[in-house]
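Here the structure is laid out as structure tokens; the discussion comes afterwards.
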Amino acid sequence: MATAAKIGYGSQFYLWDPNAGPAAYVAIAEVTSLTPPNQSVDQVDVTNMDSANRTREFIAGLTDPGEMSVEMNFVPNSTTDALIRARRLAGDYQNAKIVFPNGAIWVFAAFVSGYEISTPIDDKMTATLTLKVAGAITVS
């Protein structure tokens, strides 16, 4: 086969828990889908009176590291639920880590910006964790 493509099965997501001791990354349980940070670059308009052909000119501005989301099966009062609620209440930046099936690792600082829970009458309970990334993403 000529492709290196893989399915997302086996991806893992971890949040740093400052109360968990020296090896403080804690795996988020029951993850069903990860959407890694969606980075973007600001576009700075530098158009001036001398811009050729009355055409706007742009330069790259600052990079916004974006947000990421984690969809999971919701288990009320589980270790994962308690950690996410504590991180949301703390409101501080802590490290987060994605481990992809091929062994690639992304580490970044982030804070919990959303935790949406759904409890349908005829389907599994789910939760979506949203994190705002702050700073550069380290890829290894």
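The values are calculated or read from the model by the stated rules, or taken from the named source; none is laboratory data. Being a predicted model, the structure only gives us computed values, none of them experimental. Backbone-built Cβ (ideal geometry, glycine too); neighbour counts: all protein chains shown. What goes into the accessible areas is simple: the full protein's heavy atoms, side chains included, and nothing from ligands, DNA or RNA. Shrake-Rupley method; radii C 1.70, N 1.55, O 1.52, S 1.80 Å.
Here are 103, 61: which of them is without any contact (Cβ under 8 Å) to a residue 12 or more places away in the chain and either among the acidic types (Asp, Glu) or over 14 Å from residue 130 (Cα atoms) (or both)? Just a single option satisfies the conditions, and that option is 103. Considering segment 79-124, and only residues there that are open to solvent by less than 50 Å² (accessible area, probe 1.4 Å) and of a type in the set (D, E, K, R), the residue that is nearest to residue 67 (Cα to Cα) turns out to be 97. Picking from residues in segment 1-54 that are in a loop (DSSP other than H, G, I, E, B), of a type in the set (D, E, K, R) and on the phi < 0 side of the Ramachandran plot, the one that is least open to solvent (accessible area, probe 1.4 Å) is 17. Screening segment 63-102 for residues that are among the polar types (S, T, N, Q) and under 30 Å from residue 4 (Cα atoms) and picking the one that is nearest to the chain's Cα centre (by Cα) gives 69.
Of everything listed in (1) surrounded by 14 or more Cβ atoms within 10 Å (Cβ to Cβ); (2) hydroxyl-bearing (Ser, Thr, Tyr); (3) touching a Phe, Trp or Tyr at 6+ places or on another chain (Cβ under 8 Å), the single unmet condition for residue 69 is (3). Residues in segment 55-104 that are among the aromatic types (Phe, Trp, Tyr) and part of a loop (DSSP other than H, G, I, E, B): 74, 93, 100.
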